[in-house]
1. Across segment 53-68, what is the number of residues that are without any contact (Cβ under 8 Å) to a residue 60 or more places away in the chain and hydrophobic (A, V, I, L, M, F, W, C)?
2. Scan segment 153-167 for residues that are open to solvent by less than 10 Å² (accessible area, probe 1.4 Å) and in contact with an Asp or Glu (Cβ under 8 Å, 6 or more places away or on another chain) and jot them down.
3. Is it fair to say Gly90 is closer than 30 Å to Gln178 by Cβ and modelled with pLDDT under 95?
4. Kindly state which strands (runs of 3 or more DSSP E) lie completely within segment 188-256 and contain at least 2 residues that are touching a residue at least 60 places away in the same chain (Cβ under 8 Å), open to solvent by 30 Å² or more (accessible area, probe 1.4 Å) and closer than 18 Å to Leu102 by Cα.
5. How do the pairs read when you match residues in segment 140-163 that are in contact (Cβ under 8 Å) with a residue 24 or more places away in the chain and closer than 19 Å to Met191 by Cα with residues anywhere that are among the charged types (D, E, K, R) and open to solvent by less than 70 Å² (accessible area, probe 1.4 Å), using Cβ under 6 Å and keeping only pairs 6 or more apart or on different chains?
6. Just checking: which of the helices (runs of 4 or more DSSP H) contained wholly in segment 59-152 hold 1 or more residues that are buried (at least 18 other Cβ atoms within 10 Å of the Cβ) and under 14 Å from the mean Cα position of the chain (by Cα)?
7. Tell me, yes or no, whether segment 168-187 has at least one residue that is out of contact with any His (no Cβ under 9 Å at 6 or more places or on another chain), in a loop (DSSP other than H, G, I, E, B), open to solvent by less than 40 Å² (accessible area, probe 1.4 Å) and not assigned by TED's automatic domain parsing to the domain that holds Leu10.
8. Among residues belonging to segment 153-167 that are of a type in the set (S, T, N, Q) and either in a loop (DSSP other than H, G, I, E, B) or in contact with a Ser or Thr (Cβ under 6 Å, 6 or more places away or on another chain) (or both), point out the one that is farthest from Gly109 (Cα to Cα).
Amino acid sequence: MYKIILKKALTDQITQMNVYAPDVVKHAKAGQFVILRVDESGERIPLTIADVDKNDGTITIIFQVIGKTTYLLNQKKENEYILDFVGPLGLATNIDDLQNVLVISGGVGSAIAYPLCKALFNQGTYVDLIAGYKSISQMILYNEFEAVTHHQFYTTDDGSFGKKGFVTDVLKTLLEKQTYDHVFAIGPIVMMKAVSEITKLYHIPTTVSLNPIMIDGTGMCGGCRVKIGNQMKFACVDGPDFDGHLVDYDNLLKRNQMYVEKESKDFNEVKSRGDHHE
């Protein structure tokens, strides 16, 4: 059992939890994730490690309430417990020998981008950030990003903060004036695809963090397979980071949509029952 030390609403749909898991903290690095289960009857879901505190032994997770399990997780209160909390899983993001980096995040992908920016910044890498959101009401980690990046560029779909438009609009403008050793893109599949298409034109190595359907996190179930170039990889053990110029985004998007209808049905059912766990 893993105790919830802190619970905080970042927006009306996005929640931060700090979970006491000292054994996970010991080995966690930027880019890795945990797989958790709320209770005995719950499904297993992966969530990125957004931050760690080695002093108090807590892992920070940030999640958007979009399905049954995230809804049930969000019903948990401080000082209550999560049944399973396994990690760190996946390969840590490779940030060695990078001097000048651009990190691009979209929506709740900021929860993955933040620990990456922090790790890069702490090793002395120059880090620029482009962060895109639907609106100012959905912005998260603003102060945290400001502390671990050198220049920040914000976009919103509705123009309520920063530049109205998409992260790719800012990316095109930036690349007309300067270049980077590496670009990291983390967010919706269509966003990562669009970013990768642009950076490919400029011959800038690009890493994306993929979020396919995942069950066991050990490579045994094969549910998280993704097509990278001519090879099939498992995101849980080979990733979640991959070369953005080799990802078959269309195949990834199609696989991720396989259970959308069932997930929506389950989510609506659990909300209508008002299920919660004490």
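The values are calculated or read from the model by the stated rules, or taken from the named source; none is laboratory data. Since we're looking at a predicted model, the values are computed, not measured. Neighbour counts run over all protein chains shown; Cβ positions are idealised from the backbone, glycine included. In case anyone asks, the SASA skips ligands and DNA or RNA and just uses the protein heavy atoms, side chains included. Shrake-Rupley method; radii C 1.70, N 1.55, O 1.52, S 1.80 Å.
1. Total satisfying the criteria: 4.
2. The answer is Thr155, and nothing else.
3. No; evaluated as a whole, the condition is false for this residue.
4. Of the strands (runs of 3 or more DSSP E) lying wholly inside segment 188-256, none has at least 2 residues that are touching a residue at least 60 places away in the same chain (Cβ under 8 Å), open to solvent by 30 Å² or more (accessible area, probe 1.4 Å) and closer than 18 Å to Leu102 by Cα.
5. none
6. 110-122
7. Yes, segment 168-187 has at least one match.
8. Ser160
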